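> Submitted below is the structure of interest, expressed as structure tokens.
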Amino acid sequence: MNNSVIIVNVVRFLSLVFLQVLLLNHINFLGYINPYLYVIFILVYPLDGNKTLLIFLSFLLGLSIDLFGDTGGIHAASCVAIAYIRPVILKFSFGVSYQYNMVKINKAPLAERIMYITLIVLIHHLILFSLEIFSLAHILLLLKSTLFSSIFSILLIFCTLLLFGRKN
């Protein structure tokens, strides 16, 4: 990675942490719908970037959210999990294009982008809420929180990508 990519990723990391902590963590719509925009850092991390570095940065991202939110490591665990399985989801979503490093996420067909973002967000939220609730007695609350928070987060991520996406 060259210096401009590093600077962009540092700014993205810090701005997402502050946006999540200062604004989005205080949104609790209907008691169980919470947007988690910080996942976008893992989604848009360069495909040719160091995968070990991505896992470490994902841990730091989740830990930062945990420290400010006093949530005991659930965000760190969720971020590390999706960073670890990201190559599998990329291969599933983009197919052969990802194997030959020919995929550009912002130029990929809309269906493939929707599949990629939806899978990452759903897995992240399922792990997050499973660790937060940690009870099979509340499985409906777990599924409801995962589904509705995922929908809200996916919409927010798509709006952010459209708003801040690079123009060709």
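The values are calculated or read from the model by the stated rules, or taken from the named source; none is laboratory data. Computed from a predicted structure; not experimentally measured. No Cβ is skipped: glycine too gets one built from the backbone with ideal geometry, and neighbour counts run over all protein chains shown.
One line per residue, one yes/no per condition, for (1) surrounded by 13 or more Cβ atoms within 10 Å (Cβ to Cβ); (2) of a type outside the set (A, V, I, L, M, F, W, C); (3) not in a helix (DSSP H, G or I):
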| residue | (1), (2), (3) |
| --- | --- |
| I7 | no, no, no |
| L19 | yes, no, no |
| N25 | yes, yes, no |
| F41 | yes, no, no |
| S58 | yes, yes, no |
| L61 | yes, no, no |
| I65 | yes, no, no |
| G72 | no, yes, yes |
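> If I85 satisfies all but one of (1) farther than 26 Å from H26 by Cβ; (2) assigned to a helix (DSSP H, G or I); (3) modelled with pLDDT under 95, what's the number of the condition it fails?
(3)
> Please go through the stretch 53-81 and pick out each residue that is farther than 20 Å from V11 by Cα, hydroxyl-bearing (S, T, Y) and at pLDDT 95 or above.
The one that is farther than 20 Å from V11 by Cα, hydroxyl-bearing (S, T, Y) and at pLDDT 95 or above: S78.
> Now a separate question. Among the residues in the stretch 76-88, are any surrounded by 20 or more Cβ atoms within 10 Å (Cβ to Cβ) and touching a Gly at 6+ places or on another chain (Cβ under 6 Å)?
Yes, because at least one residue in the stretch 76-88 is surrounded by 20 or more Cβ atoms within 10 Å (Cβ to Cβ) and touching a Gly at 6+ places or on another chain (Cβ under 6 Å).
> State all residues of the stretch 127-162 that are without any contact (Cβ under 8 Å) to a residue 60 or more places away in the chain, under 22 Å from L23 (Cα atoms) and crowded, with 18+ Cβ neighbours inside 10 Å; if no residue qualifies, say none.
Residues of the stretch 127-162 that are without any contact (Cβ under 8 Å) to a residue 60 or more places away in the chain, as a first pass: 127, 129-131, 133-140, 142-143, 146-147, 150-151, 154-155, 158-159, 162.
Then keep just the ones that are under 22 Å from L23 (Cα atoms); that gives 129, 146-147, 150-151, 154-155, 158-159, 162.
Listed by number, the residues that qualify are F129, T146, S150, I154.
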